[in-house]
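Notes to accompany the following structure.
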């Protein structure tokens, strides 16, 4: 159920965050500032035909507007890029602490390598490959219903290629 009050509050917050006046938003959408004011005061809703343009101007999704900023997809929870990085580093640390020939470590590594047709140990010595694995872990997490803060994504990768791929998947999964 759409909560018109939350929609109005969300439009107001997004408009202000973009530094737009009601008049400027109205001009960009081809509607009067009075129409924008009515949306924000929860007196009316934007017409369905304008929602996509409204979302584009406010750099968000239609879902984000209609849910009042609440996650509509029912995400399982938030994950941190820092935690993904730490998890990979812990896998390397486990090998150093137990010995790379330790049976438990070998089974863990062999399981990853066989399941992904790769050699994950390469990432422990190559930051490009490390970030490739980070990106893959993040994408798999998003596919499983978790979300990441896009600002953290933008600031956490040295290699633009992987940052851009993760951001593309984030957008695909409705993460803005």
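For residue 95, the criteria (1) crowded, with 17+ Cβ neighbours inside 10 Å; (2) modelled with pLDDT under 95 hold in every case but one, which is (2). Inside segment 146-176, residues that are within 23 Å of residue 55 (Cα to Cα) and in contact (Cβ under 8 Å) with a residue 40 or more places away in the chain make up a count of 9.
Any residue at all in segment 42-54 that's within 30 Å of residue 131 (Cβ to Cβ) and either surrounded by fewer than 14 Cβ atoms within 10 Å (Cβ to Cβ) or in contact (Cβ under 8 Å) with a residue 60 or more places away in the chain (or both)? The answer is no; no qualifying residue exists. Just one of the numbered conditions (1) in contact (Cβ under 8 Å) with a residue 24 or more places away in the chain; (2) loosely packed, with under 14 Cβ neighbours inside 10 Å; (3) within 23 Å of residue 151 (Cβ to Cβ) is not true of residue 84: (2).
Considering each residue of segment 111-126 in turn, none proves to be touching a residue at least 40 places away in the same chain (Cβ under 8 Å) and either surrounded by fewer than 16 Cβ atoms within 10 Å (Cβ to Cβ) or assigned by TED's automatic domain parsing to the domain that holds residue 56 (or both).
The values are calculated or read from the model by the stated rules, or taken from the named source; none is laboratory data. Small disclaimer: the values here were computed from a predicted structure and weren't measured. Here the Cβ is made from the backbone with ideal geometry for all residues, glycine too, and neighbour counts use every protein chain on show.
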